[in-house]
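Okay, structure first, notes after.
The values are calculated or read from the model by the stated rules, or taken from the named source; none is laboratory data. Predicted model only: the values in this text are computed from it and were never measured. Counting neighbours? That spans all protein chains shown, and the Cβs are built from the backbone with ideal geometry, glycine included. The protein model used for the area step is the full one, side chains on, heavy atoms only, and it has no ligands, DNA or RNA in it. Shrake-Rupley method; radii C 1.70, N 1.55, O 1.52, S 1.80 Å.
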Protein chains: 2
Amino acid sequence: MKKLDKTNHSQCTGIIRPVQDALDVLNGKWKLPIIVALLHGYKRFSEISRQVPGITDRMLSKELRDLELNQLVKRTVYDTFPVTVEYTMTNYGETLKDVIEALHVWGENHRHKIFGEDLLPVSAKKDHLG
Amino acid sequence: MKKLDKTNHSQCTGIIRPVQDALDVLNGKWKLPIIVALLHGYKRFSEISRQVPGITDRMLSKELRDLELNQLVKRTVYDTFPVTVEYTMTNYGETLKDVIEALHVWGENHRHKIFGEDLLPVSAKKDHLG
């Protein structure tokens, strides 16, 4: 017998789809460190690259273009000599800050709760930056 | 030349690690729909299974065990005949609600912003539930 506060399946999946969309924006090996670098004010390709150890130029280009298509990042070309290119978070991209902060707070707490801070949680067997 | 509000690389990665931990808890094909089903009050293995279309019993067992090891889910065996097993979110697991809600709000907004609600954002080419 089902409790009254249970939603039906379509309501469930209605929650899952947008959450998955948000996760997709942050997922993968590179997106999050690139976004964090941009949120910290790094603007030049080479600067951002240094903040994301191990990334190739080709991959960084691809990821930045993907973020641009998602309207999270703005690419500005300045008519200097040589040409200067800057990447900045859009106002919309800045709204990711709250989401990342919620994940940050929860993740720190999780780390402390499960193992103490030096160990990784059970599901996090892959490499972490830093 | 760096602006004063830029943090150094170790501070950057100090943010990334816990955020990645939180993402790892929600990531993969099955974790999020299972957690959403549990947060909606589904307790029995078969009930949860119905809320997560396509999951095998073996995979659901594995994922529930993983969530239990992360102290997010409590498994209770009742001494009935036949034995009853219930899975519920722990108080700690319930704290994921806020994180999922933050992702949900952002993801809904993102979907509207980028394409209107019927289309997927650029980075979300894979299948979604629902």
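A few notes on this one:
- Residue match in region B:75-92 (condition: open to solvent by less than 30 Å² (accessible area, probe 1.4 Å) and in a helix (DSSP H, G or I)): yes
- Per the listing A:Ser46, A:Ser61, the residue uniquely more than 11 Å from chain B (Cβ to nearest Cβ), modelled with pLDDT of 95 or more, open to solvent by less than 50 Å² (accessible area, probe 1.4 Å) and more than 15 Å from the chain's Cα centre (by Cα) is A:Ser61.
- Count of residues meeting criterion [touching a Cys at 6+ places or on another chain (Cβ under 8 Å) and polar (S, T, N, Q)] in region B:22-57: 1
- Filtered residues of region B:25-37 (kept if open to solvent by 10 Å² or more (accessible area, probe 1.4 Å) and either in a helix (DSSP H, G or I) or within 7 Å of chain A (Cβ to nearest Cβ) (or both)): B:Asn27, B:Lys31
- Check on B:Phe81, aromatic (Phe, Trp, Tyr), at pLDDT 90 or above and more than 20 Å from B:Ala22 (Cα to Cα): yes
- Taking region B:93-104 as the range and being open to solvent by 90 Å² or more (accessible area, probe 1.4 Å) and without any contact (Cβ under 8 Å) to a residue 24 or more places away in the chain as the test, the residues that pass are B:Asp98, B:Glu101.
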